[in-house]
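Please read the structure below before turning to the comments.
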Amino acid sequence: MTRTTEARAGFGKAEERAGSDGAFACRTQDRGEGVELHHREELMWKQRARIEWLRSGDKNTRFFHLRASMRRRKNLVVKLKKSDGQLTEDPGEMVTMVTNFYKTLYMTEGIENMEAVLTTVPVKVSVEMNNQLLAAIKVSEAKEALFQMFPTKAPGPDGYLAHFFRKH
C-alpha cells in the first residue's frame, strides 16, 4: 500500500472520529499530510513521464515520429471562415485572410473625443509633483544614489559598474 493510499484511508478514519476537538486536529493534520503526499505523487508521475520522453522521444524512433505527427495534425489549419460566412480551403486565400486579419488588428482607427476619455481618468500626479519630477537632477542626489548602489552589481547600459563611477 502506498503512502498516498494510507493517507486516504486515514482521512476516512479521521472523518469517523470527527466528534471531539482532538479528532479535528488529527483530521487537519491528516489532510495536510495527504495534500503533501498527493503533491509528491503528482511530481513523481510527471518525472516518470519526462524520463519516458527522454528514453523514447529523443531518439529517432517511432514514438517520436508519432508524437510529432499527432501534434502537426492537431495544429493544422484546414479551413477558415470568410467574413461572408463561407468556408475556404484554398491555401492562397487562407494566407491572404490571415495576413489581412493581422494587418487590420494592429491598425489604429483614429482618435475621437480623447478629451472625454482623459477627463474620466483620475489625476495621480499633481502640478507640484510634476514640477519636482521635471526639475534638473542635482549632483548631490546623483552621488547619493550612486553610493546606495551595490558596487559590483549588473553594469549599466554603458557597461560600467557603479564601482567605476565611485572611484572616478
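Quick note: the coordinates plus some simple rules give every number you see, no bench work behind them. Since this is a predicted model, take the numbers as computed values, not measurements. Reconstructed Cβ throughout: ideal geometry from the backbone, glycine too, with neighbour counts over all protein chains shown.
Data for the structure
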read-out	value
FRET efficiency for Tyr160 and Ala136, using Cβ-Cβ distance with R0 set to 30 Å, rounded to 0.05	0.85
Global geometry of the stretch 82-162, whether rounded, prolate or oblate, following the gyration tensor of its Cα atoms and the 1.5 cut on a/c	oblate
Those chymotrypsin sites (Phe, Trp or Tyr not before Pro) in the stretch 42-135 that DSSP places in a loop and that have at most 12 other beta carbons within 10 Å	Tyr106
Compactness of the stretch 126-167, expressed as Rg and Dmax over alpha-carbon positions, Å	13.5, 38
Of the trypsin sites (Lys or Arg not before Pro) in the stretch 78-159, those whose Cβ has at most 15 other Cβ within 10 Å and which sit in DSSP loop	Lys79, Lys82, Lys124, Lys138, Lys153
Gain upon complete extension [Leu43, Arg72; 0.36 nm per residue less C-alpha separation]	7.6 nm
